[in-house]
Amino acid sequence: MSADLAPRKSVAARQIAASCALVALGALLTSVQLDGNGEWVGTGYASLGVGLVTALLTLVFAPRGQLDLPRDPLTALSAVSHLLGLAFLVAGVLAPGGAWMFFEVLLLIALLARSGERGAGPSRGAFLALAAMLLLRLWITYQGSQHRWQLMSVDVPVLSSLPFEFLAPLQSISLGAFTPHELGFPPAGLEFAPTVAVWSLGFALLVLGLAWRARAASEHENDRVHEAIWELQPNVARLVERVLPESEWRELGLHALSERALRKRIEALVVERIAARRDFERAVRAANLLATTNTGGYGGEIQQALLERNQE
């Protein structure tokens with residue numbers, strides 16, 4: 001085993017624990033609000049339930065191999081933190097119930113299920129969509145705090161300029177009407193400024209924590225693959241890492257495998273790639289490229305590369 005593996009594994013484990021703590025803090029901040037009496041109260045279970053269902057559906061519709069199954073307490077903590085972090089992140093940006101929420105849930109499922117590399121968490125595009133939804137929710141919350149129970153009001157041309165009170169219901173059109181109950185406002189009302197500050201901070205911590213957790217979990221898996229390879233003789237291990245570069249370990253499906261399956265997978269990949277290189281070298285020698293005249297251009301560059309490979 002390489003000498004620097006133990007410190008690296010310790011660093012990755014600490015980063016996973018720290019990122020999970022960051023996710024937990026962000027989840028707490030996005031689930032509270034300040035009421036008119038100056039007391040912190042919860043935002044309710046409805047949006048959290050929708051967020052949890054959305055997170056579960058994201059995992060169901062994700063590409064095969066995206067979910068890294070836990071193998072020990074640390075990876076179990078990482079997986080639970082990932083699921084609950086997504087749930088609170090979605091719950092923290094959803095608009096009031098109804099058609100808006102239904103559309104947002106469908107959009108988030110599509111974005112989160114397809115975003116990023118396998119197991120790498122939401123992509124930048126998904127986070128930008130979540131940020132846009134958060135801004136919409138903050139605007140709706142502001143409207144409600146001002147006792148304007150619609151997304152916006154549009155004046156009707158001509159009618160809005162007539163000085164007749166009986167035409168008041170027809171002089172403007174309310175877009176996106178909602179109620180205090182849909183917003184989850186506490187009975188004593190909502191203090192807008194501190195609540196928005198706490199929600200925004202919680203959203204930022206959730207985004208940072210989820211991204212950090214995904215990176216730390218990937219590094220933790222790379223350390224485990226590295227440990228399995230360095231059970232071999234040092235010179236053999238170095239050759240295996242040249243045949244199987246670390247940058248390809250996730251794409252090759254080496255992450256989240258059991259210990260036995262991981263070693264069998266490494267064995268199969270090494271045998272496959274060595275056999276492919278031998279077949280290539282036989283094909284180069286059979287083609288007798290040494291006697292081929294370099295014609296220049298596109299074909300000549302390929303011939304030169306194969307010639308240099310044959311001379312090594």
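The values are calculated or read from the model by the stated rules, or taken from the named source; none is laboratory data. Note that the structure is a prediction, hence the values are computed from the model and not measured. Don't worry about glycine lacking a Cβ; one is built from the backbone with ideal geometry, like all the others, and counts go over all protein chains shown.
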Q) Counting only residues that are crowded, with 21+ Cβ neighbours inside 10 Å, assigned to a helix (DSSP H, G or I) and at pLDDT 90 or above, how many does the range 23-50 have? A) 4
**Q.** The lone exception for Gly98 - which of (1) modelled with pLDDT under 75; (2) touching a helix residue (DSSP H, G or I) at 6+ places or on another chain (Cβ under 9 Å); (3) closer than 30 Å to Glu221 by Cα it fails
**A.** (3)
Q. If you take the residues in the range 221-250 that are in contact (Cβ under 8 Å) with a residue 60 or more places away in the chain and assigned to a loop (DSSP other than H, G, I, E, B), which one is surrounded by the fewest Cβ atoms within 10 Å (Cβ to Cβ)?
A. Glu231
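Kindly evaluate Val198 against the criterion of being out of contact with any Gly (no Cβ under 8 Å at 6 or more places or on another chain), among the aliphatic types (A, V, I, L, M), assigned to a helix (DSSP H, G or I) and free of Cβ contacts under 8 Å to residues at least 60 places away in the same chain. Outline the logic, then answer.
Values: out of contact with any Gly (no Cβ under 8 Å at 6 or more places or on another chain): yes; among the aliphatic types (A, V, I, L, M): yes; assigned to a helix (DSSP H, G or I): yes; free of Cβ contacts under 8 Å to residues at least 60 places away in the same chain: no.
The answer is no for Val198.
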Q | Whichever residue in the range 158-201 is on the phi > 0 side of the Ramachandran plot and surrounded by 12 or more Cβ atoms within 10 Å (Cβ to Cβ) and, among such residues, is modelled with the lowest pLDDT | A | Gly176
Q.
If the requirement is being at pLDDT 85 or above and either under 25 Å from Gln33 (Cβ atoms) or outside any helix (DSSP H, G or I) (or both), which of these qualifies: Ser153, Ser81?
A. Ser81
Q. If Val207 passes every condition in (1) more than 24 Å from Val41 (Cα to Cα); (2) modelled with pLDDT of 80 or more but one, which one does it miss?
A. (1)
Q | Sole exception among (1) part of a helix (DSSP H, G or I); (2) surrounded by 21 or more Cβ atoms within 10 Å (Cβ to Cβ); (3) modelled with pLDDT under 85 for Ser19, by number | A | (3)
